[in-house]
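Notes follow once the structure below has been shown.
The values are calculated or read from the model by the stated rules, or taken from the named source; none is laboratory data. Everything numeric here is computed off the predicted structure, so don't read it as measured data. Please note: Cβ atoms are built from the backbone with ideal geometry, for glycine as well, and neighbour counts cover all protein chains shown. Areas reflect the complete protein model, heavy atoms only, side chains present, ligands, DNA and RNA absent. Shrake-Rupley method; radii C 1.70, N 1.55, O 1.52, S 1.80 Å.
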Amino acid sequence: MYTLDDVRQFCFACTKCRLHETRNNVVFGQGNEKAVIMFIGEGPGYNEDKQGIPFVGAAGKLLDDILKAIDLSRDDVYIANIVKCRPPGNRNPLDDEMESCIDYLRWQVKLIKPQIIVCLGSVAAKNIIRQDFRITRERGEWIKKGEYLIMPTYHPAAVLRDVNKKKPVWEDFKKIKQKYNDIIAMSEVGS
Ligand code: URA
């Protein structure tokens with residue numbers, strides 16, 4: 001059985017798709033390796049590629065603010081992306097790039113064993129929930145898949161582009177916090 005460090009090393013050495021040719025850093029993921037909640041974004045942007053850390057640009061700052069508003073921090077959760085290397089010019093990752101990369105994320109999920117997975121945006125939701133998932137119509141409801149409870153919500157970058165998405169995202173995060181509290185309370189009863 002591989003460890004998370006093994007999977008990180010595999011990613012750092014990865015040349016499975018063209019994105020390795022232009023990356024400065026592999027953005028593997030960050031946070032609590034025993035997290036109850038895992039956030040999954042799309043892929044690194046300019047700042048993430050420079051620093052090797054997910055969600056450190058403007059969208060990341062908003063994600064930090066939303067986490068703070070529900071009394072959580074990056075140390076409580078784990079954050080990763082569908083693709084680990086930056087698509088040039090911040091274009092969406094291509095199908096073959098996502099296919100090459102998704103097994104790393106599957107490994108991360110299996111090893112971290114979060115109870116809640118939050119899909120940030122359409123690219124994450126399509127890869128994690130189903131290919132024809134429509135984020136605008138279907139976000140905000142819990143989806144049970146195997147052992148995981150999945151909450152699809154808008155990507156923070158989409159909220160920055162469209163202020164009308166702020167309220168629905170806040171509603172979604174209130175549900176996430178409630179579920180998180182329920183899970184923590186249950187684990188305290190069981191221990
Ligand atoms: N957008 C993403 O989807 N992921 C990041 O890490 C940064 C911005």
- Message: Regarding region 157-169, can at least one residue be identified that is in a loop (DSSP other than H, G, I, E, B) and touching a residue at least 40 places away in the same chain (Cβ under 8 Å)?
- Response: no
- Task: Taking Val118 as the residue in question, decide whether it is closer than 23 Å to Asp71 by Cβ, within 14 Å of the ligand (Cβ to nearest atom) and either at pLDDT below 95 or in contact with a strand residue (DSSP E or B) (Cβ under 7 Å, 6 or more places away or on another chain) (or both).
- Result: yes
- Looking only at region 83-106, which residues are under 22 Å from Met1 (Cβ atoms) and in a helix (DSSP H, G or I)? Cys101, Ile102, Asp103, Tyr104, Leu105, Arg106
- Residues in region 105-115 that are within 14 Å of the ligand (Cβ to nearest atom) and free of Cβ contacts under 8 Å to residues at least 40 places away in the same chain total 0
- Task: Of all residues in region 88-104, count the ones that are buried (at least 20 other Cβ atoms within 10 Å of the Cβ) and within 12 Å of the ligand (Cβ to nearest atom).
- Result: 1
- Is there a residue in region 147-156 that is more than 16 Å from the ligand (Cβ to nearest atom) and exposed (fewer than 12 other Cβ atoms within 10 Å of the Cβ)? yes
- How about region 58-81: which of its residues are free of Cβ contacts under 8 Å to residues at least 12 places away in the same chain and either near the ligand (Cβ under 8 Å from one of its atoms) or surrounded by fewer than 20 Cβ atoms within 10 Å (Cβ to Cβ) (or both)? Lys61, Asp64, Asp65, Lys68, Ser73
- Query: Restricting the search to region 1-57, which residues are open to solvent by 70 Å² or more (accessible area, probe 1.4 Å) and in a helix (DSSP H, G or I)?
  - Reply: Asp5, Gln9, Phe10, Phe12, Glu21, Thr22, Tyr46, Lys50, Gln51
